[in-house]
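Everything below concerns the one structure shown next.
Here, each number is a calculation from the coordinates, and none is a lab measurement. Just so it is clear, the structure is predicted and the values come from calculations on it, not from any experiment. Methodologically, a virtual Cβ is constructed for each residue, glycine included, from the backbone with ideal geometry; neighbour enumeration extends over all protein chains shown.
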Amino acid sequence: MLPSKGRRNINVDGVQWHYIVNPGYGGCGIIAHNPESGEKIEWNHSSYDIQITPSLVAEIIRTKGHPEGFNQPRPKKYITTTLPYANSVPHIGHAFEFIIGDAIARYFRGKLGDANVHFNIGLDEHGKKIWDASVAAGKPVKQYLDELDYGWKVFCSTFNIQYNSFYRTSNKKHYALVERFWNECKTKGFIYKKQYQGKYCVGCESFKLDKDLVDGKCEDHPSTEIQFIEEENYFFTLSKFRKELSEWFETKADLRPYTKQEELKNIIEDIQDISISRKREVVPWGIMVPNDPSQTIYVWFEALLNYILIIGYYDEKSDFKEYWKDSVQIFGPDNLKFQGAIFQGLLSAAGVEHTGTLLCHGTILDKEGKKMSKTVGNVIDPIDQFNKYGVDAVRYYALAGLRTYGNSGWDEEQLVNIYNAHLADNYGNLLTRVVHLINLKSAENDDFGWSDDDKINKELFKNHFDTVRELWDNYDISAALHKLNDILTQANQYITEKAPWKKDAQDVEVVLATLYWVLEEATLLYLPVIPNRGYQAINSLYSLRKEIVFPKINLVETIEKQQI
């Protein structure tokens, strides 16, 4: 017999069953019990984010713990961020991109299962900037990179970034695969050598045209002097794929936000052949051009290939095609040309389908709307924010308080206000009230039927939850979270109107069953964003343990910095 606390009832084909949702370590499941026959059925799933709906419970009971849908192959999904240059510690922009990718990956793991979602991040570890940084640090380049690699992984752990792969371009396997890709392009006639002269930005590790500069400076690195370089390099015939890329853009390309489409269209129309190597004496740290020890492969050329190499592009036994079919690349606005044009040209050269979805997130500014700069002194340190407010508050603000695809100013006062308003006051308060009332009513009446699934009035909220999931499916995270907050505002109004705590209240079982369902649905949709507090909330809900899951936070002016 199952314990009465947290137990729910369901009628399956005319037979009454009791069940409890059993969130176990590393997964979630149910235990169902037939009180008449004594039959007991247990079912567990590896993903903690799976939605335990009444229809799923009924299917589990009918199939004796072997629901057909979970035994069949499900679609695969691949999500990747860019690889930041490994020449410094992570900044708030890196945190923003990683958190976006992590939340999307967690959401789709809940839909497709852990084994069917691959989330890739990593470090771009080659180039002149990396070499110069290691020299300035007085360390051998490999030691310098290994130390940075450790710090970046600690950073990811700090912000609950649950990646499947952390790609390092200094890995020897990467060298071999890049050389193979280079040789294939060379054999196909897509690589040639010529004398070249042009303006070069060390900060971007790329050549610049006059139209790319503002007052003779790189807009992204205004303090770095533009160099004029004349040398013999290898070139990739990107212009050969202009027509193919234009057709892809017009018919199949999925770029968010849509306001970026005109910019990418213009980039594709203007593409020219591009330099893909530097003289070894100038850039000594990187992958040597095959059969030409005088040249180093351009850092971005080989780094971009990580997106397909990590999921087994050259491995015949891999699920590369299945993953790449639903691929998502996440990047900032300064990366649109590389992700949306140059990398797509490399895919064309390899005969690989273009990226499924391109997500170009916004830039984080200071609270005055100004670009962050160490010189100005307005740079936001993500570790400082973590120390002040905790991981879930920072994650929630990054995804709900900032615009996913537009520029936003980071404002700590707004961070505190949105966390307290959405999570402490709206969501957390409703969670505490509903758990308390269910315990109270159950103690007063052993037959209190809050747990009967047929008592739930889903019509009040179902369409709204469908909208939230649709927004998640379309990667509109900020809008999804604001819609979810609207649902909880409606739910708080519902409990106030129905007042189930009053002795003469009507339909108390229906009200509490409905609100419990709302909280369960909402919590599962919050889990990708606030995994720590989200798991605490769902445990409180399933065990009917009353606790303050979301205590209010206060604005903190200064705090001693924690080193990672």
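Applied to segment 283-294, the Karplus parametrisation 6.51 cos²θ - 1.76 cosθ + 1.60 on θ = phi - 60° returns per-residue 3J(HN,Hα) values of 10, x, 10, x, 7, 5, 5, x, 6, 8, x, 7 Hz, with x for Gly and Pro.
Angle of helix 128-137 to the longest C-alpha principal axis of the chain, folded into 0 to 90 degrees and rounded to 10: 80°. Its residue count N sets the reference 2.2 N^0.38 Å, and the alpha-carbon radius of gyration of segment 163-270 equals 1.33 times that reference.
Compared with the dominant principal axis of the Cα atoms in the chain, helix 462-473 is inclined by about 20°.
Calculated from DSSP H runs of 4 or more alone, at -39500 (n - 2.57) each and per residue, what is the 222 nm mean residue ellipticity of the chain, nearest 500? It would help to have the intermediate numbers written out before the result.
Details: 20 runs with 225 residues, N = 564.
After summing the helix terms and dividing by the residues of the chain, the value is -12000 deg cm²/dmol.
Take each peptide in 287-293, 342-348, count the other Cβ atoms within 10 Å of every residue, and average; sorted highest first, the result is 342-348, 287-293. Residue pairs exceeding 31 angstrom between C-alpha atoms, taken from LYS188/LYS217; LYS172/LYS367; LYS370/LYS483: LYS188/LYS217; LYS172/LYS367. Angle of helix 531-543 to the longest C-alpha principal axis of the chain, folded into 0 to 90 degrees and rounded to 10: 20°. Placing unit charges on each Cβ (+1 for Lys and Arg, -1 for Asp and Glu) gives segment 232-324 a dipole about its Cα centre, and among PRO290, LEU264, GLY312 the Cα reaching farthest toward its positive end belongs to PRO290. Listed values (i) 71, 24, 22; (ii) 50, 26, 20; (iii) 48, 41, 20 include one computed from this model; for semi-axes √(5λ) of the Cα gyration tensor in Å that value carries the label (ii). The C-alpha radius of gyration of segment 411-564, expressed as a fraction of 2.2 N^0.38 Å, stands at 1.13. For segment 253-268, 3J(HN,Hα) computed residue by residue from phi via the Karplus equation (6.51, -1.76, 1.60; θ = phi - 60°) reads 4, 10, 10, 10, x, 5, 5, 8, 5, 5, 5, 5, 4, 5, 4, 5 Hz, glycine and proline entered as x.
Residue-wise HN-Hα couplings along segment 273-278, as the Karplus relation 6.51 cos²θ - 1.76 cosθ + 1.60 with θ = phi - 60° gives them from phi, are 4, 10, 5, 10, 8, 9 Hz; Gly and Pro carry x.
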